[in-house]
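Take a look at the structure below.
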Amino acid sequence: MDKLWSPWRSNYIESFNQEKKSSECIFCDAVNQNISDDNSLKVYDNKTCFAVLNLYPYNSGHLMVVPKKHVSDLYQLSDDTISEMMLTVKLSMRALDSVMKPHGYNVGANLGKAAGAGIDDHLHIHVVPRWNGDTNFMPALGHVKIISQDLIQTKKNLVEAFAKILIEEKK
């Protein structure tokens, strides 16, 4: 196969030009977004951090836990914020378990450009659900990753899962 029709990829490619035009940080922009806003990919909000779907995910359900404070270095965060971020990672995994039933996770942060950070000026932790066999011939031979679920549907499912878990925890 020489061509794979994927018109949504043009949004990704065009975003590089848009990001250069904007002086704003996408994570700082997301801080004040409302979860119920259809234009937001935020799925959970907390006192010092939030969880948001990755617009260009490595896998379905790829979340990022982001501090509300614009920092690039872990040393610039308070222990309370770091603790809340890790609790949000844990809560995110519970929500993803409920909605997507992954077999495992990749969890981590790329701190700095040299470490592979695509956005290196605002620290964030990736929570990437993984399934046995989720790597197939497409990335290996076609250099293409298939994301099988719509982001907006994933968002709706996760927002419901976060709410349900929090209600259960209060009981």
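The values are calculated or read from the model by the stated rules, or taken from the named source; none is laboratory data. Computed from a predicted model, the values in this text were never measured in an experiment. Glycine also receives a Cβ, built like all others from the backbone with ideal geometry; neighbour counts cover every protein chain displayed.
Scan segment 47-74 for residues that are at pLDDT 95 or above and aromatic (F, W, Y) and the total you get is 1. Quick one: would you say T154 is of a type in the set (S, T, N, Q), at pLDDT below 95, surrounded by 12 or more Cβ atoms within 10 Å (Cβ to Cβ) and more than 18 Å from the chain's Cα centre (by Cα)? No: the conditions fail for T154.
Can you give me the number of residues within segment 35-69 that are assigned to a strand (DSSP E or B), closer than 19 Å to E160 by Cβ and of a type outside the set (A, V, I, L, M, F, W, C)?
Looking only at segment 35-69, we keep the residues that are assigned to a strand (DSSP E or B), and these are 42-45, 49-53, 63-67.
Remaining after also requiring closer than 19 Å to E160 by Cβ: 42-45, 50-53, 63, 65.
Next, from what is left, pick out any that are of a type outside the set (A, V, I, L, M, F, W, C): 42, 44-45.
So the count comes out to 3.
Being assigned to a loop (DSSP other than H, G, I, E, B) and out of contact with any helix residue (DSSP H, G or I) (no Cβ under 7 Å at 6 or more places or on another chain) is the filter here, so list the residues in segment 70-101 that pass it. Within segment 70-101, V71, S72, D73, L77, S78, K101 qualify. None of G133, G61 is without any contact (Cβ under 8 Å) to a residue 60 or more places away in the chain and either touching a Leu at 6+ places or on another chain (Cβ under 7 Å) or not acidic (D, E) (or both) except G133. Scanning segment 70-97 for residues that are farther than 16 Å from V43 by Cα, touching a residue at least 40 places away in the same chain (Cβ under 8 Å) and hydroxyl-bearing (S, T, Y) yields one hit, S72. Looking only at residues in segment 102-131 that are hydrophobic (A, V, I, L, M, F, W, C) and in a helix (DSSP H, G or I), the one that is farthest from L55 (Cα to Cα) is A114.
Of all residues in segment 91-111 being farther than 15 Å from V66 by Cβ and within 14 Å of the chain's Cα centre (by Cα), which is surrounded by the fewest Cβ atoms within 10 Å (Cβ to Cβ)? Applying the filter and picking the extreme gives N106.
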